[in-house]
1. Please report the carbon-and-sulfur percent of the accessible area for the chain; probe 1.4 Å, protein heavy atoms only, DNA, RNA and ligands left out.
2. For K98, give me every one of the aspartates and glutamates with a C-alpha distance below 17 angstrom, ignoring sequence neighbours fewer than eight places off in its own chain.
3. Output the lone cysteines of the chain: those with no second cysteine's C-beta under 4.7 Å from their C-beta.
4. Using heavy-atom solvent-accessible surface (probe 1.4 Å) with all chains present, what is the largest-first order of H288, H414?
5. Compute the FRET efficiency between F426 and N71 as 1/(1 + (r/R0)^6), taking r as their Cβ-Cβ distance and R0 = 56 Å, and round to the nearest 0.05.
6. If you keep only loop residues by DSSP, which chymotrypsin sites (Phe, Trp or Tyr not before Pro) in segment 329-411 have at most 15 other Cβ atoms within 10 Å of their Cβ?
7. In the structure shown, do any of K25/K277; K129/K150; K312/K423; K175/K402; K157/K423; K225/K361 have a Cα-Cα gap over 32 Å, and if so which?
8. From the square roots a ≥ b ≥ c of the eigenvalues of the alpha-carbon gyration tensor of segment 217-438, which class results: rounded (a/c under 1.5), prolate (a/b over b/c), or oblate?
Amino acid sequence: ELKGIVFVIQSQSNSFHSKRAEDLKRDILEQAVDLGKVLPTVLLIHQIDRHEGAWTILPLMSDFSVTYGRNSSWIFFCEEDTRIQISKLLETLRRFDKSKEWFLGKALYDEESTIIHHYAFAENPTVFKFPDFAAGWALSIPLVNKLAKKLKSEPLKSDFTIDLKHEIALYIWQKGEGPHLTPVPEFCTDDVNSYKVDHCATTFSNFLPLCGEPVNKEDVFVAVKTCRKFHGDRIPVVKQTWEREAALIEYYSDYADISIPTIDLGIPNTDRGHCGKTFAILERFLNHTSPRTPWLVVVDDDTLISIFRLRKLLSCYDPNEPVFLGERYGYGLGTGGYSYITGGGGMVFSRTAVQKLLASKCRCYSMDAPDDMVLGMCFSGLGIPITHSPLFHQARPMDYPKDYLSHQIPVSFHKHWNIDPVKVYFTWLAPNTEELRNGKKVGYNREDL
């Protein structure tokens, strides 16, 4: 029965995202009323604030077990843009014996082993399946109870959260002692208007969010972090690809080269983290750019980014809020810890966020500390949540399952290693004519890269 399903929306507290999640909650409850069913429980992850790492989901298992372990059958997780057809979902879940341990979802797999999954299953990465969160995924209550019990006796390791869907599947699988993901064909990521969706219990909106006109070019200031040794090979790639999309762009280096031109911030290059350099960029943005420029983007010299798409995405965010946006990673979230935006995919700040950060006196503990992690720690201490977008990518297109990227309009990729970065940009990120016209996703010729 519907009342036996607990819906968990993987929501965020930023005003744009929380509204999207509330809309989805309303839709679920309205469908329940239309079907004449008892209303199910619908939870929003960002409102479960006892855990800074609530978004990593596993720390919530004991709460779920205590609260829903007796009277519910399933916990069903979905993203704010997942669309659910409740009657089809009920029909689908009825096929599975709710008294057994089930881990259900739309299966993704790696075609080759990849750094974002720590080169797991290097012999044959295709054997390990993990869920595409966009399609929704479900755990039966017996499995939730088992996970809660395990977490009590063996707390989560306090290390990095990089790709949550893969890490959750690994934890549940328990080196073969727990269940594998069972693929469910009714959990879909096709667009709701697609001819393929008749059998689907879930669908997914794969348009780039657009909340009005894209922000003006002059509203986005782009800071590129570089150093002398990369002036000759990485900077020409930026100039051949996305530089023309940026109205305001500066290159920050350890050497002033007028041919680029680069600006020497007076901070020596470090081999490890670049905390000193990044904080100098934030100070410069606040003190030396027009106060009317609401957005700052900080990228590496080997980041490939679509400023054109980013301007559309930023139309959904209020720059008067402290917004810190990009691809979210976590550190030590099982034991306190903090979330952070991983730098390689690009870090986007509202001017308000930069003002609050620099007013706080939170700074680098060393010049070569990892800038992205220090920023995460600082914003966490200020109670400013970071905002995750899966459209930013810390790695290359080939490091993600094709099926995962097929329902995205990506904003960035990172690294030039073993790829032709110019080709990657023009295949994945360059705006094409149809997109320029109406913002819709169209078929790209994305040969294997």
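The values are calculated or read from the model by the stated rules, or taken from the named source; none is laboratory data. None of the values given here were measured: they were computed from a predicted structure. Don't worry about glycine lacking a Cβ; one is built from the backbone with ideal geometry, like all the others, and counts go over all protein chains shown. Areas reflect the complete protein model, heavy atoms only, side chains present, ligands, DNA and RNA absent. Shrake-Rupley method; radii C 1.70, N 1.55, O 1.52, S 1.80 Å.
1. Working: 9880 of 19330 Å².
On the chain, the fraction of accessible area on carbon and sulfur atoms equals 51 percent.
2. E1
3. Isolated Cys, the chain: C78, C227.
4. Working: H288 135, H414 10 Å².
Of H288, H414, the descending order of accessible area is H288, H414.
5. Values: r = 54 Å, r/R0 = 0.97.
Result of the calculation: an efficiency of 0.55.
6. Values: sites: Y329, Y331, Y338, Y340, F349, Y365, F379, F392, Y404; in loops: Y365, F392.
Sparse-neighbourhood loop chymotrypsin sites (Phe, Trp or Tyr not before Pro): Y365.
7. Numbers: K25/K277 43 Å; K129/K150 22 Å; K312/K423 23 Å; K175/K402 25 Å; K157/K423 39 Å; K225/K361 23 Å.
Violating the 32 Å limit, Cα to Cα: K25/K277; K157/K423.
8. Details: a/c = 1.34, a/b = 1.15, b/c = 1.16.
Rounded, since a/c falls under 1.5.
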